[in-house]
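Each remark here refers to the structure printed beneath this line.
The values are calculated or read from the model by the stated rules, or taken from the named source; none is laboratory data. All values derive from a computational prediction rather than experimental measurement. Here the Cβ is made from the backbone with ideal geometry for all residues, glycine too, and neighbour counts use every protein chain on show. The accessibility values were calculated without ligands, DNA or RNA, using every heavy atom of the protein model including side chains. Shrake-Rupley method; radii C 1.70, N 1.55, O 1.52, S 1.80 Å.
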Amino acid sequence: MNLVDDHCDSSSDGLAGWAPSGSCTLSTHTEDSPPDTLSPPLAATAVDSDSDEEAIQRARRRLHPSARYVLAAHRKSDKDGLCRAIPRLPKPKVTYRVAGWVGVSGGDAEDSHVVHVEIRVDGHRHVGGGVVVVEPGKKWGEIKGSFRVDDDDEPPRSAMVYVHGPPAVVDVKVMDLQVSTVNKIPRLRHLRKKADKVRKRDVVLKLSSKAEEDGGVSSVAGAHIQVIQVQNSFPIGSCITKAGLQDPNYVDFFTKHFDWAVLENELKWYYTEPAQGHVSYADADELIDFCDRHGKPVRGHCIFWAVENAVQQWVRALNPTQLRAAVESRLRGLVSRYSGRFPHYEVNNEMLHGSFFRDRLGDADVDAHMFRETAAIDASPALFVNDYNVESGNDPNATPEKYVALVTDLQRRGAPVGGIGVQGHVTHPVGDVICDALDKLAVTGLPIWITELDVSAADEAVRADDLEIVMREAFAHPAVEGVMLWGFMQGHMWRSHGQLVDADGKVTEAGSRLVDLRREWTSHARGTVDANGNFKFRGFHGTYQVLLTTAAGEVRKKAFDVNKGDAPLVLDMDF
């Protein structure tokens, strides 16, 4: 259901309900060259047959903007712009998509401009929206926002959309704004089909026996066969804490339902060296040893953190010469200590949001240096960038385009970037917005991991639905190779209302949803071997065990792997 749709009424109703917000004047115009929305390969698949009618219409409008827009001119501050009422009030616990186009004109042609599309209810309360960065040389940028009225609030009495942000000398334009309910059902149906193509493969087991090889009678044809998947090649993990391991319920849920681990804080520099020269890896070693005992690979998080307020005070107090020495000591000490232990490292966390080391050292190459030196000490781990809000469409510092530019610059400087971390601290996620961001990151050719996933919603059903949306988008995307949650148990999480397990050990609806998804993404098959000695099934990529029961009742076992591939996997197996 559309709450606002300017595409239909802006030509017949003048300003289409738009009014000045602050000091400016409004007028309507027609764009001679509407924004180009999609490249030809994406445009060809933008309207999916499994989409609901509103999604189809939205995709068509992305392909064919109306060219009619409302202009806000003579603005006196960055807070001035346009506003209009949302005539159909949003309902609590329902996620809404904000779509359309915003443009700019005037000002310096070499500057990029940030445009905020903000939803407020009851006059003042901000509940979401989106942020668009209109890049130099571009007239328009696409809105990819969302919002939801908080679960614990009463239904709003009014709702408005506001558009503002650029400096006063810049005019702001709005085209084809839409606010519509997110219908998750067709999207989930589409993702199931997509995941089947991306994560599964046809398998033909060609079974034979020693008797057949010796020219005797086959004991395989007609035999009962069972195929069990023992490991999925798409890891799902979580961060863990020393305090959490003291709780048996915490340990039980982690060991049963997660494949990988990452230490929430215990490996960070401020934790291992809170005072200069006082270095301790005791807590990190304890957690890593625990993971080793349970067969859980551990991601290395993180060597450095680029955001200044995450850097301990003694490091911030160093002069440039002292800081460079401390950086080299930290890097050599950590990476050499755990050489060969971690499959991944996050080298300098959140470089889209901070530049502490680059600024303090006056060295534009220091970030790339951290990657190069880490690889020189330990060549085995994939070295990741890692940042937040990239998938949300709400942060001008963390657009997918800026993330790609960061990676490209690091590579140009010789940094062996091996992966892209998308943290995933999400609120009211929208599947196609997440997918669009992943598509843009995938052009780098690097593997993507969701590295710190949590969803926050007081309502358990809403939290479970949000978790499922992000998990399915990640699992169905061919560039994503794994998902890490940023905690799972109440009392042992950085974010409130995100738990999969309550403090008393009760599994929440979100926790059950995760377990159900893991079960859905595990393949088992059983039946009888055909007359030609073949058994066919379609299964998720991963490691399997096959159990063959002969006519004499003997059970024989074999293990095999199903890897990625378009053609059927044909395996000869001698029993």
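Can you name every residue in region 416-475 that is farther than 20 Å from ARG495 by Cα, part of a loop (DSSP other than H, G, I, E, B) and not aliphatic (A, V, I, L, M)?
Of everything in region 416-475, those that are farther than 20 Å from ARG495 by Cα, part of a loop (DSSP other than H, G, I, E, B) and not aliphatic (A, V, I, L, M) turn out to be PRO416, THR444, GLY445, PRO447.
Can you tell me which residue within region 519-573, out of those that are assigned to a loop (DSSP other than H, G, I, E, B) and of a type in the set (A, V, I, L, M, F, W, C), is farthest from the chain's Cα centre (by Cα)?
ALA552
Within the set of pairs 6 or more residues apart or between chains, which connect a residue that is surrounded by fewer than 16 Cβ atoms within 10 Å (Cβ to Cβ) inside region 348-370 to a residue that is at pLDDT 95 or above and in a helix (DSSP H, G or I) with Cβ atoms less than 7 Å apart?
These pairs meet every condition: GLY362/PRO320; ALA364/ARG358.
Checking the conditions here, which among GLN246, GLN226, GLN276, GLN178 is without any contact (Cβ under 8 Å) to a residue 24 or more places away in the chain and either outside the structural domain of GLU31 (by the TED database) or buried (at least 19 other Cβ atoms within 10 Å of the Cβ) (or both)?
Numbers: GLN226 fails: without any contact (Cβ under 8 Å) to a residue 24 or more places away in the chain; GLN276 fails: without any contact (Cβ under 8 Å) to a residue 24 or more places away in the chain; GLN178 fails: without any contact (Cβ under 8 Å) to a residue 24 or more places away in the chain.
Exactly one of GLN246, GLN226, GLN276, GLN178 is without any contact (Cβ under 8 Å) to a residue 24 or more places away in the chain and either outside the structural domain of GLU31 (by the TED database) or buried (at least 19 other Cβ atoms within 10 Å of the Cβ) (or both), namely GLN246.
Go through (1) open to solvent by 40 Å² or more (accessible area, probe 1.4 Å); (2) hydrophobic (A, V, I, L, M, F, W, C); (3) touching a Phe, Trp or Tyr at 6+ places or on another chain (Cβ under 6 Å) one by one and return the number of the condition ALA503 breaks.
(3)
Mind checking which residues of region 398-408 are in contact (Cβ under 8 Å) with a residue 40 or more places away in the chain and either open to solvent by 40 Å² or more (accessible area, probe 1.4 Å) or not in a loop (DSSP other than H, G, I, E, B) (or both)? Explain how you work it out, then say what you get.
Of all residues in region 398-408, those in contact (Cβ under 8 Å) with a residue 40 or more places away in the chain come to 398-404, 406.
Those that are in contact (Cβ under 8 Å) with a residue 40 or more places away in the chain and either open to solvent by 40 Å² or more (accessible area, probe 1.4 Å) or not in a loop (DSSP other than H, G, I, E, B) (or both): PRO400, GLU401, LYS402, TYR403, VAL404, LEU406.
Determine, yes or no, whether TRP305 is touching a Pro at 6+ places or on another chain (Cβ under 6 Å) and either in the same structural domain as ASN386 (by the TED database) or open to solvent by less than 30 Å² (accessible area, probe 1.4 Å) (or both). Lay out the reasoning, then the answer.
Details: touching a Pro at 6+ places or on another chain (Cβ under 6 Å): no; either in the same structural domain as ASN386 (by the TED database) or open to solvent by less than 30 Å² (accessible area, probe 1.4 Å) (or both): yes.
Judged against the criteria, TRP305 is not a match.
If you check ALA552 against the conditions, is it over 17 Å from TRP449 (Cβ atoms) and crowded, with 19+ Cβ neighbours inside 10 Å? First the steps, then the outcome.
Working: over 17 Å from TRP449 (Cβ atoms): yes; crowded, with 19+ Cβ neighbours inside 10 Å: no.
No: the conditions fail for ALA552.
Right, ARG518: within 30 Å of HIS190 (Cα to Cα) and either out of contact with any strand residue (DSSP E or B) (no Cβ under 8 Å at 6 or more places or on another chain) or exposed (fewer than 13 other Cβ atoms within 10 Å of the Cβ) (or both) or not?
no
Any residue in region 83-97 that's aliphatic (A, V, I, L, M): show its pairings with residues that are open to solvent by 20 Å² or more (accessible area, probe 1.4 Å) and assigned to a strand (DSSP E or B) at Cβ separation under 9 Å, as long as the two are six or more apart or on different chains.
The qualifying pairs are ALA85/ALA19; ALA85/MET160; ILE86/MET160; VAL94/THR181.
Is it fair to say ASP466 is open to solvent by 30 Å² or more (accessible area, probe 1.4 Å), assigned by the TED database to the domain that holds PRO343 and either touching a His at 6+ places or on another chain (Cβ under 8 Å) or farther than 18 Å from HIS301 by Cβ (or both)? Talk me through it step by step, then tell me what you get.
Working: open to solvent by 30 Å² or more (accessible area, probe 1.4 Å): no; assigned by the TED database to the domain that holds PRO343: yes; either touching a His at 6+ places or on another chain (Cβ under 8 Å) or farther than 18 Å from HIS301 by Cβ (or both): yes.
Judged against the criteria, ASP466 is not a match.
Taking interchain pairs and intrachain pairs at least six residues apart, which have beta carbon atoms under 8 angstrom, with the first residue in region 508-524 and under 18 Å from PHE540 (Cβ atoms) and the second at pLDDT 95 or above and of a type in the set (Lys, Arg)?
These pairs meet every condition: LEU517/ARG472; TRP521/ARG199; SER523/LYS200; SER523/ARG538.
What helices (runs of 4 or more DSSP H) completely inside region 309-382 contain at least 2 residues that are β-branched (Val, Ile, Thr) and in contact with a Lys or Arg (Cβ under 8 Å, 6 or more places away or on another chain)? I'd like the intermediate steps shown before the answer.
Values: elements: 313-316, 320-337, 356-361, 366-377.
Here the list reads 366-377.
Residue-by-condition table, conditions (1) acidic (Asp, Glu); (2) touching a Leu at 6+ places or on another chain (Cβ under 8 Å); (3) more than 26 Å from GLY418 (Cβ to Cβ):
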position: ALA221; (1), (2), (3): no, no, yes
position: ASN232; (1), (2), (3): no, no, no
position: SER238; (1), (2), (3): no, yes, no
position: ALA284; (1), (2), (3): no, yes, no
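Considering only residues that are open to solvent by 10 Å² or more (accessible area, probe 1.4 Å) and touching a helix residue (DSSP H, G or I) at 6+ places or on another chain (Cβ under 6 Å), which ones fall in region 435-449?
CYS435, LYS440, THR444
Output the number of the condition that TRP494 fails; it satisfies all remaining conditions of (1) at pLDDT 95 or above; (2) of a type in the set (A, V, I, L, M, F, W, C); (3) open to solvent by 10 Å² or more (accessible area, probe 1.4 Å).
(1) is the only condition that TRP494 fails.
Output the residue which, of all residues in region 258-273 that are part of a loop (DSSP other than H, G, I, E, B) and not basic (Lys, Arg), is surrounded by the fewest Cβ atoms within 10 Å (Cβ to Cβ).
ASN265
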